[in-house]
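Enquirer: Could you have a look at this structure, given as structure tokens, before my questions?
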């Protein structure tokens, strides 16, 4: 199902999950088992758009409290299956990023938020391209990173994937810290996301930490 800007609601349920990144036109599998998020899923399935907003929690310096980053990405529940013990395996199809304008609490066991979609019009458009993408050099760097992280992948599939699918999938799958994932989410274009991804990979290969990179 293709959503238009007119289909996007002003209020959506939000799922704060550290390190779980969803990007437009990408797919995110999730395992739902907490009662409040089971209720969130049931309510989302009753709506015509079936949207759930994925958002990164952020720590507040000097406090044990956690707040939410203002920008997240909404996905449409495109598949779900129930296990024998009442849990759900679902897939979210990334639709559009959003900006939280107000958190709404007290009416449901899960968090909802008023959101605006105004800054992310391209998310509902066609697949993005990256004219400056040098695939060969990027894949060489990626091989070094995967070896360093003891990760495996299907290199033939990576080599043939479209620019957006390749860059966004790696942004979602690579083991970066939540703040790094947030930087990838907020990248204004595919080219900027690729540049951020390369910076994070190079920094990891040099043995640096995310905290040093962000300072």
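Please treat every number below as a calculation from the coordinates, not as lab data. In this text the structure is predicted, and so the values were computed from the model without any measurement. Here Cβ is always computed from backbone atoms with ideal geometry, including for glycine, and neighbour counts include all displayed protein chains.
Enquirer: What ranking do 22-28, 182-188 get when scored by the average of other Cβ atoms within 10 Å per residue, highest first? Before the final figure, lay out the partial values.
Expert: Values: 22-28: 20.7, 182-188: 18.0.
Final packing ranking: 22-28, 182-188.
Enquirer: A further question on this structure: Quick one: angle between helix 163-173 and the longest Cα principal axis of the chain, in degrees between 0 and 90, rounded to 10, please.
Expert: It is inclined by approximately 70 degrees.
Enquirer: If you don't mind, another one. Between residue 27 and residue 70, what FRET efficiency comes out of the Förster formula 1/(1 + (r/R0)^6) with R0 = 22 Å and r the beta carbon distance, rounded to 0.05? Don't skip to the end; give the middle numbers.
Expert: Numbers: r = 24 Å, r/R0 = 1.09.
It comes to 0.35.
Enquirer: Among 48-55, 169-176, 99-106, what's the highest-first ranking by average C-beta atoms within 10 angstrom per residue?
Expert: Details: 48-55: 21.4, 169-176: 18.2, 99-106: 12.4.
Top of the packing list down: 48-55, 169-176, 99-106.
Enquirer: Calculated FRET efficiency, residue 148 and residue 36, Cβ-Cβ r, R0 30 Å, to nearest 0.05? Numbers along the way, then the final one.
Expert: Details: r = 38 Å, r/R0 = 1.26.
Calculated value: 0.20.
Enquirer: How big is the C-alpha Rg of region 135-214 next to the rule-of-thumb value 2.2 N^0.38 Å, as a ratio?
Expert: Values: Rg = 12.0 Å, N = 80, 2.2 N^0.38 = 11.6 Å.
Ratio of Rg to 2.2 N^0.38 Å for region 135-214: 1.03.
Enquirer: Which distance in nm do the two modelled labels at residue 7 and residue 155 give, with both placed 7 Å along the Cα-to-Cβ direction?
Expert: Simple spin-label model gives 4.0 nm for this pair.
Enquirer: Go ahead and estimate [θ] at 222 nm for the chain from helices alone: -39,500 (n - 2.57) per DSSP H run with n ≥ 4, summed, over the residue count, rounded to 500.
Expert: Working: 7 runs with 73 residues, N = 215.
Roughly -10000 deg cm²/dmol at 222 nm, from the helical runs in the chain.
Enquirer: A further question on this structure: Say a paramagnetic label sat at a point 7 Å from the Cα of residue 126, along Cα to Cβ; which residues of region 156-189 have their backbone N under 17 Å from it?
Expert: From region 156-189, the list is 162-165.
Enquirer: Further question: Helix 135-149 versus the longest principal axis of the chain: what angle, 0 to 90°, nearest 10, using Cα atoms?
Expert: Roughly 80 degrees, rounded to the nearest 10.
Enquirer: So, in nm, how far is label residue 103 from label residue 84 when the simple model puts each one 7 Å beyond its Cα toward the Cβ?
Expert: 3.9
Enquirer: Mind pulling the angle between the C-alpha long axis of helix 190-205 and the longest principal axis of the chain? Nearest 10 degrees, somewhere in 0 to 90.
Expert: Long axis of 190-205 versus the principal axis of the chain: about 70 degrees.
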